[in-house]
Amino acid sequence: MSLRFDGFEGNPDVKKSLSLSLDEGRFPHALLLEGAPGSGTDVLSGILAQAAVCTSAQDRPCGRCPGCLKAQAGSHPDIVTLDGDKNPRAFPVDAVREVRGGAYIRPNEAPRKVYRLLGVQNMSEISQNALLKILEEPPANVLFILTAVS
């Protein structure tokens, strides 16, 4: 099994590292993708989220299974996206507490829940501290994908 990066032309070393970690069953529980706006970190986070909910036994994301189709449509119940790039107020401490509480609820359909937190550089210190505990000791079935400018 390997990751497919359709639509992402980014760093080949990063793509190779992510594919190897998936192939070897050591995909991390949290990823921080750093890049300037328009660098493709949001695209890569979407690909990784889709791969996490993909039910194919082959390359992921397959783009054909129900999980992939729902992820592409933005309607997968196990993918939660908060976009701090589009809305700098997307990370109030209450929203982060909801993420933290929801992470302990089992996924609805996929093998894991995915939280895409885009533009975390806009997160307040209080919200960062609220998120830190779940990042340090996450449940087994959760993947956090964070993007930041720096």
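The values are calculated or read from the model by the stated rules, or taken from the named source; none is laboratory data. Not measured: the values here are computed from a predicted model. Cβ sites come from the backbone with ideal geometry, for glycine too, and all protein chains shown count toward neighbours. What goes into the accessible areas is simple: the full protein's heavy atoms, side chains included, and nothing from ligands, DNA or RNA. Shrake-Rupley method; radii C 1.70, N 1.55, O 1.52, S 1.80 Å.
Could you state the accessible area per residue of the chain in Å², with a 1.4 Å probe and every protein chain left in place? Numbers along the way, then the final one.
Details: 8130 Å² over 150 residues.
Ligands and nucleic acids excluded, the result is 54 Å² per residue.
Strictly greater than 17 Å: what percent of every Cα pair in the range 68-126 meets that? Show your work: numbers first, answer last.
Details: 724 of 1711 pairs.
Result: 42 percent of Cα pairs exceed 17 Å.
Based on alpha carbons, the Rg and Dmax found for the chain are 14.6, 41 Å. What helices does the chain hold that run 15 Å or longer along their axis, going by alpha-carbon atoms, with a Kyte-Doolittle average of 0.0 or more, using DSSP H for the helix calls? Span-like helices, by this rule, are 41-53, 125-136.
Residues whose amide H comes within less than 5 Å of that of L31, counting only those at least five positions distant or on another chain, are F144, I145, L146 (H built at 1.01 Å from N in the peptide plane).
Determine the distance separating the Cα centre of the range 99-150 from the Cα centre of the range 4-33; give it in Å without decimals. Cα centroid of the range 99-150 versus Cα centroid of the range 4-33: 18 Å apart. Listed by chain and number, the lysines placed with their C-alpha closer than 19 angstrom to that of K70 are K113; residues fewer than eight positions away on the same chain are left out. Among the trypsin sites (Lys or Arg not before Pro) in the range 1-50, those placed in a DSSP loop whose Cβ has at most 15 other Cβ atoms within 10 Å are R26.
In the range 41-150, carbon and sulfur make up what percent of the accessible area (probe 1.4 Å)? Could the numbers behind the result be given before it?
Details: 2780 of 5550 Å².
C and S fraction of accessible area: 50 percent.
As an exercise, identify the GluC sites (Glu not before Pro) in the range 1-96 lying in DSSP coil whose Cβ has no more than 10 other Cβ atoms within 10 Å. Write out the running numbers ahead of the final one.
Details: sites: E9, E24, E34; in loops: E9, E24.
Those satisfying the criteria are E9, E24.
The residues neighbouring G63, those whose beta-carbon lies less than 14 Å from its own, together hold a net charge of +2 under the Lys/Arg +1, Asp/Glu -1 convention.
For the residues R60, R97, R112, a GNM of the chain with alpha-carbon springs under 10 Å puts the largest fluctuation on R97.
Of all aspartates and glutamates in the structure, the ones whose alpha carbon falls short of 14 Å from that of K133, not counting any fewer than 8 places away in one chain, are E98, E125.
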